[in-house]
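Below is one structure, written out as structure tokens; comments come after it.
The values are calculated or read from the model by the stated rules, or taken from the named source; none is laboratory data. Bear in mind the structure is a predicted one, so any value in this text is a computation, not a measurement. Cβ sites come from the backbone with ideal geometry, for glycine too, and all protein chains shown count toward neighbours. These area figures cover heavy atoms from the full protein model, side chains too; ligands, DNA and RNA do not enter into them. Shrake-Rupley method; radii C 1.70, N 1.55, O 1.52, S 1.80 Å.
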Amino acid sequence: MQRAMGAELARLAEWNGSGDHSVMAQVELDLRSGAAGELLERGTELGRLCDCVDAIEHGAAGRVVLLGGEAGVGKTALVEALAAVRPEARIVRGECEPLFAPPALGPLLGIAEEMGGTLKALVDDGAMPHQIAGALLSEVGAAGVTLFVLEDLHWADEATLDVFRLFARRIETVPCLLVATYRDEALAGADRLRIVLGELATARAVDRMRLPGLSESAVAALCEPYGVDADELYRKTNGNPFFVVEALAAGSDAIPETVRDAVLARAARLGAEARALLDAVAVTPPVTELWLLRALTPEQEEHLDECLASGMLRSEPRGVAFRHDLARMAVEEEVAPLRREELHRRALAALADPPAGSLDLARVAHHAEAAGDAAAVLRYAPAAAARAASLGAHREGAAQYARALRYGDGLSSGERAQLLESRSRECYLTDEIDEAIVTGEAGLALRRAAGERLEEGEALRWLSEILWCPGRTLEAERMARDSVALLETLPEGPALASAYTVLGNHCGTAGRQEEAIAWAGNGLALAHRLGDTKRAIQARRVIGARMLDRGNAGPMEEALEFAQAKGEPADVGIVYTTLIGAAINGRRYDVARRHLDAAMAFVEEHGLELYRYYTLSYRARLLLVDGRWDEAAEVAAGVLRIRRDSIAPHVFALGVLGLLRARRGDPGAQALLDEAWALSEPTGEPCRLGPAAVARAEAAWLAGDPEAVAAATDDALALAIERSDVLLAGELEVWRRRAGLPRTTPDAVEPEALNDYERSLAWMDSGEEQKLRRALDQLQRLGAAPAAALVARRLRKLGIRGLPRGPRRETRENPAGLTRRELEVLGLVAEGLRDSEIAARLVLSERTVGHHVRAILRKLGVRNRTQAGGEAARLGLVPER
């Protein structure tokens with residue numbers, strides 16, 4: 001049966017010394033259903049989880065449930081209740097650790113130890129997250145129905161989040177329910193988790209569930225046996241189950257003001273020796289092994305039973321732990337500073353020489369810093385950082401390098417510069433771009449002051465690469481040139497080959513193609529002389545992209561084949577990304593289509609998230625070109641939920657979404673397009689600002705504003721002419737011509753119409769009645785109301801009457817283009833009503849309601865009814881709940 005909140009309180013009665021289970025049985029009620037033995041007010045949530053397990057047992061695809069709620073609301077209790085009522089499912093469980101820099105793959109270490117086999121070997125060998133996710137899927141898939149629980153995901157290290165994301169995307173291939181718990185109030189400070197949750201928001205197999213606090217009536221039921229003022233307790237706890245239970249367990253006449261007060265009141269009942277042991281467990285989260293506890297408090301070991309009997313601690317397979325981290329933190333804060341430092345010192349000594357297993361570098365570094373042991377910090381923190389970085393946990397790597405730098409005053413300038421450079425790289429990979437630049441510049445200054453010219457040249461080249469991503473292109477190119485100039489004074493080596501190629505890439509993205517090929521050619525020649533395959537791949541990529549910009553795909557596809565044969569996954573990923581981007585930029589959409597699916601599969605399989613970010617933005621642009629507007633909008637919206645320092649994918653996604661809104665006559669188009677221009681214009685690069693300028697020009701033309709068309713095209717067209725970008729110039733000239741503006745350059749080549757929308761506009765340009773009628777039909781079918789209105793106006797000028805009507809005004813004026821009836825249906829969908837209930841409410845057939853629901857999902861770009869309700873609330877179509 002389900003684990004009972006009443007049972008928890010019954011144990012509290014024992015801890016308080018009464019042992020009166022009959023009194024505590026009063027609260028063993030599910031206040032919703034009245035069924036004895038159930039968790040208070042959790043019947044609905046538990047039922048939903050049980051339904052998921054039942055469906056998987058009967059052959060349904062695996063699912064993910066994201067279980068959020070505030071600290072102490074009962075997320076763990078709900079998961080334990082699910083495990084209790086579904087004992088036939090295999091349970092796999094991992095907990096994230098509340099450390100400043102948690103160990104990479106922390107919650108998966110115990111899982112790997114338990115499962116053994118390939119998974120354990122990969123984790124022990126430091127395999128990448130995509131490999132570990134694949135092995136975990138294989139293990140789970142071979143084990144029957146599995147309940148996989150990842151707790152406290154807000155504390156997860158980056159590598160664990162990568163494994164979680166990759167596993168969740170492929171969950172439908174295995175008979176598994178993955179329940180991930182997290183504190184939703186902690187998301188403001190957990191940007192990485194928020195990004196992951198945003199990416200998974202529209203996934204078909206992902207559900208969200210949020211646990212609320214207990215109601216006033218539930219709190220009153222819990223208070224009744226104690227004679228406590230239920231109204232006062234509810235006011236102070238807001239129904240938080242953990243706080244309520246702790247307050248009742250405190251056994252005081254006065255209700256504690258805070259969770260901390262309640263926990264400390266219970267801890268105060270322990271004897272001095274048991275309290276000393278409790279302190280030791282508090283400073284060694286999340287679980288304290290018994291051998292470690294003996295090392296910390298050898299004289300108090302016999303008092304462990306008292307701590308367990310009090311309910312302050314619980315027994316775990318690996319040792320002992322607090323029942324909740326809120327309680328642990330309250331106790332830890334009360335430990336006297338000198339006592340706390342001594343405990344950390346003992347923990348450091350013990351963990352640095354464990355009796356079994358490998359050294360947990362991150363954990364040892366944590367205790368080294370807490371003990372104030374500078375030498376130990378410098379011994380373990382850089383090693384922990386390197387370990388984390390090798391697993392893709394770059395945020396934890398950056399934190400460990402920062403820890404070492406705090407204790408690095410006694411290091412030589414070279415040693416400190418190396419730490420700064422390493423932290424800069426980790427910060428770059430975690431989107432802390434400003435910190436990456438600051439630490440990179442600090443490392444450069446130390447190299448320069450020490451006269452280390454090779455290292456100075458490499459530092460300049462590195463800073464050049466960082467500065468390009470957020471659009472600081474002038475500084476990036478200047479530093480690349482400085483790097484080349486310095487390194488050319490030294491013997492030839494790999495650093496110079498990379499500097500040549502980076503400078504070539506900057507010239508290429510700026511649209512100076514001949515210069516780009518020349519510099520990258522220098523890099524390729526030097527790489528060949530050195531026999532350096534990696535640098536050869538880098539140079540071939542830059543040269544191939546420039547050739548593809550001119551329409552020649554051969555060199556770029558040869559570069560891909562070379563990377564696939566000779567390179568590492570990251571080399572292949574960046575070549576794939578560059579190939580597709582250059583193909584779209586050069587309007588070689590056939591080339592982009594040929595490689596897009598393979599590229600997406602490759603970057604997904606190898607966990608190359610940055611390249612996945614770029615490739616998704618290219619997919620959105622290609623879907624737009626192909627006239628698949630709903631899909632383009634969905635993919636572009638997904639890109640915008642990912643926040644990284646590279647601005648190009650964000651610019652492209654803003655352009656796609658803004659242009660679609662403009663074409664459909666939806667509000668909010670201009671804000672998106674203006675943001676795309678604001679991000680891209682300072683770069684001075686045709687490849688980044690060109691798409692934004694073209695989109696703004698089309699939107700201005702659709703709005704009937706020739707002056708805005710001129711403003712959107714003047715600067716971009718001047719740049720296109722200066723850089724001999726005839727394709728971009730041609731696209732801009734199209735909108736200038738349609739707006740009645742004079743032609744600027746005779747060399748511009750207007751692009752060929754490739755899809756129904758573009759063909760419709762070309763027919764409109766002809767002025768012929770038959771073509772205008774065809775254009776009107778096509779545009780109305782696409783939902784391109786503004787363009788359709790322009791065509792209808794031209795037909796009326798020709799004297800044509802009785803034209804077919806497009807969507808009604810109220811349909812055009814809501815952000816999703818829904819009809820009045822669809823808005824009614826959406827409101828009821830958002831309330832959670834089924835089709836039959838909606839049909840009865842609106843006096844419609846159930847079949848008609850089904851048609852409306854399918855249309856709503858398509859127009860909102862979502863996959864299910866839950867997502868439809870959320871998107872409708874976001875757009876302001878229904879009230880937020």
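Sorting the segments 829-842, 64-77 by their residues' average number of neighbouring beta-carbon atoms within 10 angstrom, most packed first, yields 64-77, 829-842. Overall, the accessible surface of region 303-410 at a probe of 1.4 angstrom is composed of carbon and sulfur to the extent of 53 percent. 3J(HN,Hα) couplings calculated from phi for region 296-310 with the Karplus curve 6.51 cos²θ - 1.76 cosθ + 1.60 (θ = phi - 60°) are, in sequence order, 7, 9, x, 7, 10, 3, 6, 9, 4, 4, 5, 5, 5, 5, 6 Hz; Gly and Pro show x.
Run the numbers on region 222-325 and let me know its relative contact order in percent, using alpha-carbon pairs under 8 Å that are six or more apart.
Computed over region 222-325, the figure is 20 percent.
Can you give me the orientation-averaged projected area of the convex hull built on the Cα atoms of region 237-324, in nm²?
The Cα convex hull of region 237-324, projected and averaged over all directions, gives 5.8 nm².
Extension gain, Leu803-Asp714: 0.36 nm per intervening residue step, less the Cα-Cα distance, totals 28.4 nm. Rounded to the nearest 10 square angstrom, Trp519 shows an accessible area of 60 square angstrom against a 1.4 Å probe. Rounding to the nearest 10 and keeping the result within 0 to 90°, find how far the Cα-based axis of helix 569-585 lies from the longest principal axis of the chain. With rounding to tens, the tilt is 40 degrees. Counting only protein heavy atoms and a probe of 1.4 Å, the accessible surface of region 640-718 is 53% carbon and sulfur. Using heavy atoms of the protein chains and a probe of 1.4 Å, the accessible area assigned to Arg425 is about 90 Å².
Which shape class applies to region 513-563: rounded if a/c is under 1.5, otherwise prolate when a/b exceeds b/c and oblate if not, where a ≥ b ≥ c are the square roots of the Cα gyration tensor eigenvalues? Oblate is the answer for region 513-563, as a/c is 1.5 or above yet b/c matches or exceeds a/b.
For Gly408, nonlocal amide neighbours, meaning residues 5 or more places apart or on other chains whose placed amide H falls under 5 Å from its own, do not occur. Against the empirical curve 2.2 N^0.38 Å, the C-alpha radius of gyration of the chain lands at a ratio of 1.08. Can you bin region 610-757 into rounded, prolate or oblate? Criterion: square roots of the alpha carbon gyration tensor eigenvalues sorted a ≥ b ≥ c, rounded for a/c under 1.5, prolate for a/b above b/c, oblate for the rest. Here region 610-757 falls in the prolate category.
Along its three principal directions, the equivalent ellipsoid of region 114-173 from the Cα gyration tensor extends over semi-axes of 17, 15, 11 Å, largest first. Calculated on C-alpha atoms, the gyration radius of region 393-493 divided by its Kirkwood radius gives an Rg/Rh of 0.98. For Phe148, the residues whose amide H sits under 5 Å from its own are Val92, Leu177, Leu178, Val179, ignoring neighbours fewer than 5 places away on the same chain, with H placed 1.01 Å from N. Scanning residues 5 or more positions from Arg210 or on other chains, those with amide H under 5 Å from its amide H are Gly68, with H placed 1.01 Å from N in the peptide plane. Per residue, the convex hull spanned by the Cα atoms of region 151-265 measures out at 140 cubic angstrom. Contact order for region 131-182, expressed relative to its length and based on alpha carbon pairs under 8 Å spaced 6+ residues apart, stands at 56 percent.
Could you sort Ser760, Ser215 by accessible area so the largest value comes first, with the probe set to 1.4 Å?
Sorted by accessible area, descending: Ser215, Ser760.
For region 115-123, backbone phi angles converted through the Karplus equation (6.51, -1.76, 1.60; θ = phi - 60°) give residue-by-residue couplings of 7, x, x, 4, 4, 5, 4, 5, 5 Hz, Gly and Pro being listed as x. For the chain, the longest principal axis of the alpha carbon atoms and the long axis of helix 846-860 meet at an angle near 70°. The peptide list 464-477, 402-415, put in order of mean Cβ contacts within 10 Å with the highest first, becomes 464-477, 402-415. Taking every protein chain into account, the accessible area of the chain amounts to 41 square angstrom per residue (probe 1.4 Å). Computed from backbone phi with θ = phi - 60° and the Karplus coefficients 6.51, -1.76 and 1.60, the 3J(HN,Hα) list for region 336-343 is 4, x, 5, 5, 5, 4, 5, 4 Hz; x is used for glycine and proline.
Largest accessible area first, the listed residues Thr181, Thr44 line up as Thr44, Thr181 when surface is computed with a 1.4 Å probe on the assembled protein chains. The helix-only estimate of mean residue ellipticity at 222 nm for the chain, built from DSSP H runs of length n ≥ 4 each weighted as -39500 (n - 2.57), is -20500 deg cm²/dmol after division by the residue total. The C-alpha radius of gyration of region 674-774, expressed as a fraction of 2.2 N^0.38 Å, stands at 1.08. A P(r) calculated from all alpha carbon pairs of region 706-859, with 5 Å bins opening at zero, reads 2, 8, 14, 12, 12, 12, 11, 9, 7, 6, 3, 2, 1, 0 percent. Of the three principal axes defined by the Cα atoms of region 86-213, the extents in descending order read 38, 32, 25 Å. Shown for the chain: lysine pairs separated by 8 or more places, or found on different chains, whose C-alpha atoms are under 30 Å apart, numbering 6.
So what is the relative contact order for the chain, in percent, with contacts set as C-alpha pairs under 8 Å and at least six apart? The normalised contact order for the chain reaches 7 percent. Of all DSSP bridge pairs formed entirely within the chain, close to 20 percent run antiparallel.
Pairing the Cα long axis of helix 158-169 with the longest principal axis of the chain, what angle in degrees results, from 0 to 90 and rounded to the nearest 10? Approximately 70 degrees, to the nearest 10.
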